Amino acid sequence: MERLCFPIDAPPVFAGASWHIGWEGEEPACYCAWKAVDHDGVVGFLYRGGVLPAYRGHGLQREMIRLRETEMRQRSIAVSVTYTDADGAASMHSLIAEGYRPYAPTPTTTLSGLGRLGRVGFVHWRKDL
Ligand SMILES: CC(C)(COP(=O)(O)OP(=O)(O)OC[C@H]1O[C@@H](n2cnc3c(N)ncnc32)[C@H](O)[C@@H]1OP(=O)(O)O)[C@@H](O)C(=O)NCCC(=O)NCCS
């Protein structure tokens, strides 16, 4: 699923994140992950998410955002963060609709790596839960 949704990205790190798969019967349709990270305090990071092409356009990404927020709240995490590619229009739609707003990352709050700080290409998002 990762290869289908992110064909040119480096593989994700599986350890340390909470992963989910959404099924249509016996067929996997979507998947997502989140993990707790330290950003001047612990926040929840929407780490990975993909909907297989045949299942897009039905609000699954938004549902997966809400699922992970519920798990963050259960762990008393008060802030959810993530980042998107600057041209990730579908993800941005979903994040804005779920109440996320952009923030300017600093060395302690960047999610895309220090080397990418200040470079065009990524948008960071945050929501108070
Ligand atoms: C991004 C992704 C998860 C969205 O899956 P989805 O839940 O099916 O999302 P939708 O197709 O319903 O799109 C979500 C919203 O973006 C809009 N949208 C979709 N494609 C768009 C585009 N090319 N331009 C502008 N808006 C777009 C939809 O209309 C929808 O808005 P709405 O809720 O107001 O109707 C899926 O496309 C995917 O897996 N892509 C590859 C991997 C990826 O980019 N993951 C996210 C990393 S941040």
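Output the residue which, of all residues in the range 7-46 that are under 15 Å from the mean Cα position of the chain (by Cα) and over 30 Å from P107 (Cβ atoms), is nearest to the ligand (Cβ to nearest atom).
Among those residues, the one meeting the criterion is C30.
Just name the residue that is farthest from the ligand (Cβ to nearest atom) out of those in the range 47-98 that are open to solvent by less than 20 Å² (accessible area, probe 1.4 Å) and of a type in the set (S, T, N, Q).
S80
Could you check how many residues of the range 104-123 are without any contact (Cβ under 8 Å) to a residue 40 or more places away in the chain, part of a loop (DSSP other than H, G, I, E, B) and surrounded by fewer than 17 Cβ atoms within 10 Å (Cβ to Cβ)? Let's see the steps before the verdict.
Initial filter on the range 104-123 (without any contact (Cβ under 8 Å) to a residue 40 or more places away in the chain): 104-107, 110, 112-122.
From what is left, the residues that are part of a loop (DSSP other than H, G, I, E, B) are 104-107, 110, 112-113, 117-121.
Cutting the leftovers down to surrounded by fewer than 17 Cβ atoms within 10 Å (Cβ to Cβ) gives us 104, 106-107, 112-113, 117-121.
Total meeting the criteria: 10.
The values are calculated or read from the model by the stated rules, or taken from the named source; none is laboratory data. Since we're looking at a predicted model, the values are computed, not measured. When we count neighbours, we look across all protein chains shown, and the Cβ atoms used for this are built from the backbone with ideal geometry, even at glycine. All accessible areas refer to the heavy atoms of the entire protein, side chains included, with ligands and DNA or RNA removed. Shrake-Rupley method; radii C 1.70, N 1.55, O 1.52, S 1.80 Å.
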